[in-house]
Amino acid sequence: MSRYSAAAIETKWQEAWTDAGIFRASRSEDRPKYYVLEMFPYPSGRIHMGHVRNYTMGDLIARYKLATGHNVLHPMGWDAFGMPAENAAMEKGGHPREWTYSNIADMREQMKPLGLSIDWSREFATCDPEYYGQQQALFIDFLEKGLVYRKNAVVNWDPVDMTVLANEQVENGRGWRSGALVERRELTQWFFRISDFAEDLLDALEGLDDWPAKVKTMQANWIGRSRGLQFAFDVIDGPEGHGEIEVYTTRPDTLMGASFIGVSPDHPLARQLEQDDAGLAAFNAECRRMGTSEEELEKAEKKGHDTGLRVRHPFDDSWELPVYVANFILMDYGTGAIFGCPAHDQRDLDFARKYGLPVMDTFVPADPPEGFTRPEAGGPAYVPPKSETVRYVRPVTGGEMQTGDDAVDAAIAHCESRGVGRGVTNYRLRDWGLSRQRYWGCPIPVVHCDSCGVVPERKENLPITLPDDVAFDQPGNPLDRHPTWRDVPCPNCGAPARRETDTMDTFVDSSWYFVRFTAPRAVTPTDLDDATYWMNVDQYIGGIEHAILHLLYSRFFARAMQICGHLPEKCREPFDALFTQGMVTHAIYVSRDENDRPVYHFPDDVEVHESGARLGATGEPVEIVPSAKMSKSKKNVVDPVSIIERFGADTARWFVLSDSPPERDVEWTDAGAEAAHKHLSRVYRLVSEIARMPAGAGTAEADDTLLREMHRAIHDVTGGVDSFGFNAAIARLYAFTNALAKSEAGGDAKRQAARTLAQLMAPMTPHLSEELWTMLGGEGLVATAAWPRADEAMLVDESVTLPVQINGKRRTEIRVPRDMDKAEVEKSALATDAVTKALDGAQPRKVIVVPGRIVNVVI
RNA sequence: GCCCAAGUGGCGGAAUGGUAGACGCAGGGGAUUCAAAAUCCCCCGGCCGAAAGGCCGUGCCGGUUCGAGUCCGGCCUUGGGCACCA
């Protein structure tokens with residue numbers, strides 16, 4: 001008997017699919033279209049298990065949809081701009097372009113053995129001038145529609161390397177290469193007006209029924225709609241132009257507990273005062289040395305500097321409050337100034353206690369719990385849960401009892417009626433800064449002219465391509481140092497002018513690639529007919545780490561492209577369904593060097609025994625650190641290529657689908673991969689035997705049992721695939737295989753069941769399934785065979801087993817006809833020994849019968 | 001610090017509010033074999049018990065319910081994101 005050999009069959013079937021052209025997508029009205037897309041990879045040079053998992057899931061969906069009669073689009077491309085290519089050029093020499101394209105070629109070769117059902121004719125990389133030229137055209141259209149503008153913004157500046165740093169390149173406040181303390185520097189940069197769309201981006205989340213709730217929640221919180229009061233404090237003897245300070249608060253009901261005013265170090269008032277106040281200037285300078293990330297800001301110790309200025313409370317002329325510059329106030333949010341109410345905000349309370357400011361409660365719990373200490377009396381800040389009723393002791397309105405949410409509205413109404421400010425809706429979402437001071441990105445297609453100002457390139461001059469002759473031997477953006485590229489005539493007046501040397505954020509590239517796949521060679525950004533036919537993406541699959549930025553930016557782009565006429569009306573939301581997959585993890589093997597620094601080891605170099613793990617070469621013991629995301633730095637990586645060479649693509653595919661729910665992380669283990677391979681070999685053997693069985697029926701009972709099991713398997717596997725329960729679907733296929741192996745059914749029934757097994761496995765193990773299909777005499781390719789349908793009549797049994805509980809604890813069970821009447825079920829449950837014994841002649845207090853499920857007798 | 005998740009046997013995990021542990025791995029026992037590999041069969045949460053069976057058990061504390069892994073409140077731990085990593 002021939003053994004299962006993946007090597008012998010996988011290439012053969014990949015060629016058969018290519019020859020049949022079954023993955024080439026073209027518009028057709030005779031079948032419903034289905035666009036399935038996995039988030040495209042960054043071409044690092046090696047595929048990793050996370051890629052295998054992502055593309056296997058997408059491929060499963062694509063193949064399943066093909067079998068269920070859909071016209072499937074399943075493309076692949078490369079998110080090819082970005083920092084690693086420049087880093088490689090700096091470290092190893094060479095050019096980012098060569099590095100990137102050679103990585104793409106390598107990764108394509110590593111991906112092809114997986115047998116993915118991809119239409120490779122649509123492949124492109126975002127660093128192809130054909131792609132980024134169309135992106136430049138989009139930018140010019142956005143500019144025309146006022147969707148993009150320039151303003152000042154801060155960046156991390158490395159004063160030694162004289163270059164802008166990404167947040168990732170800042171380590172503990174220092175530049176990653178130079179080690180110099182990072183400074184903040186203000187530059188004029190381009191911004192997309194995404195905040196103009198805040199309300200729509202928030203409201204439209206509700207319509208995204210097939211998105212994970214957690215992603216929608218994260219986006220909603222990110223957009224951050226809040227209702228609050230914006231009003232001004234009058235400054236006593238304030239400097240010229242600063243007679244008042246405008247603040248925004250979401251808690252106007254705590255206004256009578258205000259104890260200080262805080263302004264951002266970047267607030268115009270702070271900037272003016274620092275001119276004449278060396279202490280403040282030093283404080284502001286220190287604040288500006290902090291990184292630009294919100295995380296760093298929030299984690300930093302809260303500090304303030306008393307400006308000496310005082311403001312009047314809007315409801316009491318004699319009440320004066322001090323004005324502080326505080327390091328935790330963001331200039332980007334609200335008005336860049338707040339009032340602090342220490343009693344009801346822990347951060348404000350810490351600040352007040354640190355600087356000896358008063359603490360005044362505005363409300364207390366209506367029903368204080370035991371041990372409650374008011375903030376005034378030294379307790380922690382009192383922040384009531386939303387549902388809790390509170391009693392106002394210093395109400396804005398004069399009312400006595402109110403609850404949190406209504407109190408805010410009432411306070412706004414009251415303040416408005418007294419002429420103090422107005423209710424406003426604010427969003428946390430900021431405009432999207434897209435300028436990057438780097439080479440390896442899409443050039444921003446504008447020219448700076450001394451007389452005409454900022455002039456967009458003429459579209460006929462696109463693409464503005466990156467120059468080849470650049471060097472990375474010194475830090476900074478080589479475009480800045482490239483006079484023949486930089487110095488160009490003004491497209492408007494022809495006078496000498498300078499090209500913009502900033503390139504675009506790589507998030508721009510990934511915000512519309514999914515549209516480009518519908519017409520990758522179009523001479524305009526999109527082809528409206530193709531976009532109308534293929535969009536939206538029916539199923540998008542990718543990592544949860546993209547839950548906010550990439551997905552939000554893409555949603556913005558769909559709206560902006562629609563405004564510019566590049567997308568039809570229906571594409572306001574580009575992704576109908578979203579699935580976020582978990583990561584692939586692996587244990588980490590680590591030993592210590594003579595300086596007690598960690599040394600990581602590749603799994604291939606380690607032998608794991610029950611007594612512990614040792615290096616294979618030297619026998620040196622190594623520590624096993626619990627599983628974490630596979631990463632090069634920790635060396636806890638398994639190369640998919642070596643796994644495929646050892647076991648075949650189908651084994652790798654089967655394993656990454658089988659062991660964990662797809663949304664959760666999966667730990668790669670050798671044992672798991674071997675088990676997957678063993679199972680596929682068993683299926684191969686089993687089906688080979690069945691294929692040789694003589695035709696004919698077995699006993700009626702055996703045939704019926706097997707066919708019922710087959711229909712249940714069709715039902716469950718189909719349901720599992722539809723609901724992204726891939727691991728459950730695979731567990732079901734194990735059970736079906738076991739049933740098939742044990743069955744005494746005849747050759748006809750067994751062959752029918754085996755053919756169905758091949759079909760149900762085909763989206764997961766496409767090569768093996770083709771082989772089995774052929775063995776069993778199936779016609780054509782299993783990839784294009786119609787998906788089996790479960791016969792409803794075969795799914796239900798005549799009788800069911802019901803557990804019988806007494807007081808919620810299972811005590812016995814009864815076997816009853818499936819459609820038995822509730823009263824009858826109750827009667828038979830009460831007649832069981834366990835129940836009569838427990839009742840001991842008494843009447844049950846209550847009997848709950850859930851038909852087909854359970855009986856609970858309450859005594 | 002803030003936002004969002006997850007936590008179930010030795011391990012990965014299953015379970016529309018209804019028999020917790022399906023399916024798989026590891027482990028134990030057996031069959032086959034001259035022997036091994038491969039394969040096949042049985043057992044497999046903990047405690048008590050010869051068994052029948054009983055008690056406990058889904059990160060921790062409380063609550064809702066006839067019934068909670070599942071719902072609610074509060075914690076703990078781990079992971080993802082925090083706007084220039086992709």
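Here is the figure for segment A:14-27: residues that are surrounded by 10 or more Cβ atoms within 10 Å (Cβ to Cβ) and either modelled with pLDDT under 95 or part of a helix (DSSP H, G or I) (or both) total 6. Looking only at residues in segment A:518-555 that are within 11 Å of RNA strand B (Cβ to nearest atom) and assigned to a helix (DSSP H, G or I), the one that is farthest from A:THR506 (Cα to Cα) is A:ILE544. Just give me the residues in segment A:428-481 being more than 14 Å from RNA strand B (Cβ to nearest atom), among the small types (Gly, Ala, Ser) and touching a residue at least 12 places away in the same chain (Cβ under 8 Å), in sequence order. Hit for segment A:428-481 is A:SER451, nothing else. Going through (1) within 14 Å of RNA strand B (Cβ to nearest atom); (2) buried (at least 19 other Cβ atoms within 10 Å of the Cβ) one by one, A:LYS214 falls short only on (2). Looking only at residues in segment A:538-585 that are more than 13 Å from the chain's Cα centre (by Cα) and of a type in the set (D, E, K, R), the one that is surrounded by the fewest Cβ atoms within 10 Å (Cβ to Cβ) is A:GLU569.
Candidates are the residues of segment A:343-352 that are part of a helix (DSSP H, G or I) and within 16 Å of RNA strand B (Cβ to nearest atom); the one that is surrounded by the fewest Cβ atoms within 10 Å (Cβ to Cβ) is A:GLN346. Every listed requirement among (1) at pLDDT 70 or above; (2) touching a strand residue (DSSP E or B) at 6+ places or on another chain (Cβ under 6 Å); (3) not hydroxyl-bearing (Ser, Thr, Tyr) is met by A:ALA613 save one, (1). For A:TYR684, the criteria (1) part of a helix (DSSP H, G or I); (2) within 13 Å of RNA strand B (Cβ to nearest atom); (3) over 26 Å from A:LYS112 (Cβ atoms) hold in every case but one, which is (3).
Here segment A:409-429 is the region considered, the condition is being part of a loop (DSSP other than H, G, I, E, B) and out of contact with any Leu (no Cβ under 9 Å at 6 or more places or on another chain), and the residue that is surrounded by the fewest Cβ atoms within 10 Å (Cβ to Cβ) is A:GLY419.
Within segment A:133-151, one or more residues are among the aromatic types (Phe, Trp, Tyr), buried (at least 19 other Cβ atoms within 10 Å of the Cβ) and within 24 Å of A:VAL523 (Cα to Cα).
Figure legend. Inter-residue proximity from segment A:794-817: first residues touching a residue at least 24 places away in the same chain (Cβ under 8 Å), second residues small (Gly, Ala, Ser) and within 11 Å of RNA strand B (Cβ to nearest atom), beta-carbon distance below 6 Å, spacing 6+ or different chains. Indicated pairs: A:VAL800/A:GLY852; A:ILE806/A:ALA838; A:ARG811/A:ALA834.
Can you report the number of residues in segment A:377-394 which are modelled with pLDDT of 85 or more and more than 16 Å from RNA strand B (Cβ to nearest atom)? The qualifying residues number 5. Any residue at all in segment A:516-537 that is closer than 22 Å to A:MET83 by Cα and buried (at least 17 other Cβ atoms within 10 Å of the Cβ)? No: segment A:516-537 contains no residue that is closer than 22 Å to A:MET83 by Cα and buried (at least 17 other Cβ atoms within 10 Å of the Cβ).
Looking only at segment A:685-707, count every residue that is more than 14 Å from A:ALA753 (Cα to Cα), out of contact with any helix residue (DSSP H, G or I) (no Cβ under 6 Å at 6 or more places or on another chain) and either touching a residue at least 24 places away in the same chain (Cβ under 8 Å) or among the small types (Gly, Ala, Ser) (or both) and tell me the total. Total meeting the criteria: 3. Of the residues in segment A:218-229, not one is in contact (Cβ under 8 Å) with a residue 12 or more places away in the chain, more than 15 Å from RNA strand B (Cβ to nearest atom) and either in a helix (DSSP H, G or I) or farther than 19 Å from A:GLY336 by Cα (or both). Residue count for segment A:76-124, restricted to those that are without any contact (Cβ under 8 Å) to a residue 24 or more places away in the chain, more than 16 Å from RNA strand B (Cβ to nearest atom) and aliphatic (A, V, I, L, M): 1.
Would you check which residues across segment A:167-206 are aliphatic (A, V, I, L, M), at pLDDT below 90 and surrounded by fewer than 18 Cβ atoms within 10 Å (Cβ to Cβ) and list them?
A:ALA180, A:LEU181
Counting only helices (runs of 4 or more DSSP H) that sit completely within segment A:246-339, those holding 2 or more residues that are touching a residue at least 24 places away in the same chain (Cβ under 8 Å), more than 29 Å from A:ASP409 (Cβ to Cβ) and not acidic (Asp, Glu) correspond to A:268-273, A:278-289. If you go through segment A:91-105 and pick out every residue that is crowded, with 16+ Cβ neighbours inside 10 Å and not in a loop (DSSP other than H, G, I, E, B), you end up with 7.
Within segment A:714-742, the set of residues being within 7 Å of RNA strand B (Cβ to nearest atom) and either in contact with a His (Cβ under 8 Å, 6 or more places away or on another chain) or polar (S, T, N, Q) (or both) comprises A:ASN727, A:TYR734, A:ASN738.
Out of curiosity, is A:ALA745 part of a helix (DSSP H, G or I), at pLDDT below 95 and more than 30 Å from A:THR18 (Cβ to Cβ)? For A:ALA745, the condition - part of a helix (DSSP H, G or I), at pLDDT below 95 and more than 30 Å from A:THR18 (Cβ to Cβ) - is not met. State the number of residues belonging to segment A:482-511 that are within 16 Å of RNA strand B (Cβ to nearest atom) and under 20 Å from A:VAL455 (Cβ atoms). Result for segment A:482-511: 5. Of the numbered criteria (1) under 24 Å from A:TRP17 (Cα atoms); (2) touching a Ser or Thr at 6+ places or on another chain (Cβ under 8 Å), the one A:ALA754 fails is (2).
The values are calculated or read from the model by the stated rules, or taken from the named source; none is laboratory data. All figures in this text were calculated on a predicted structure; none of them were measured in a lab. All Cβ positions, even for glycine, are placed from backbone atoms using ideal geometry, and neighbour counts span all protein chains on display.
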